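Bear in mind these aren't lab numbers, they're just calculated from the coordinates by the rules spelled out. Just so it is clear, the model here is predicted, and its values are computed rather than measured. Ideal geometry is used to build each Cβ from the backbone, glycine not excepted, and the neighbour counts take in all protein chains shown.
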Amino acid sequence: MPTITRVTYRHGLVDDDDLEELTGLENVELGGDAISREIVVAIYDNQLLGAAGDYGDPLVGDPLACDELTIEHDSGTTYSVLSLKAWNQSSHEIIWVGSIGG
């Protein structure tokens with residue numbers, strides 16, 4: 001089981017002027033002793049280090065909101081992003097697009 005050295009979570013609404021870099025997202029970073037056993041267990045229980053793939057249609061439109069999770073470990077880095085692409089108020093339909101990979 002690889003040792004997790006840093007976990008970074010970024011989230012927030014996406015500004016039209018910031019679609020490429022997403023610099024406006026709020027950032028939470030944990031490293032070393034700040035990574036609790038509960039976080040490590042949740043990462044392994046949900047198999048986040050071995051997950052990979054894309055889902056949804058990335059051409060649906062520009063993201064409205066974004067969640068990013070980066071897990072650095074001694075076997076490499078696992079990066080996942082989930083973007084809210086559309087919201088239909090009348091039908092309450094939400095379109096999410098995601099990508100997970102190492």
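For the reader, a short list of remarks on this structure follows.
- Contact map, the range 28-46: first residue within 21 Å of residue 11 (Cβ to Cβ), second residue charged (D, E, K, R), Cβ cut-off under 8 Å, separation 6 or more or different chains; pairs are 28/10; 29/6; 30/6; 31/6; 35/6.
- Subset of the range 54-84 [at positive phi and loosely packed, with under 12 Cβ neighbours inside 10 Å]: 76
- Filter result (surrounded by 12 or more Cβ atoms within 10 Å (Cβ to Cβ) and either in a loop (DSSP other than H, G, I, E, B) or within 14 Å of the chain's Cα centre (by Cα) (or both)) within the range 37-53: 43, 48, 49, 51
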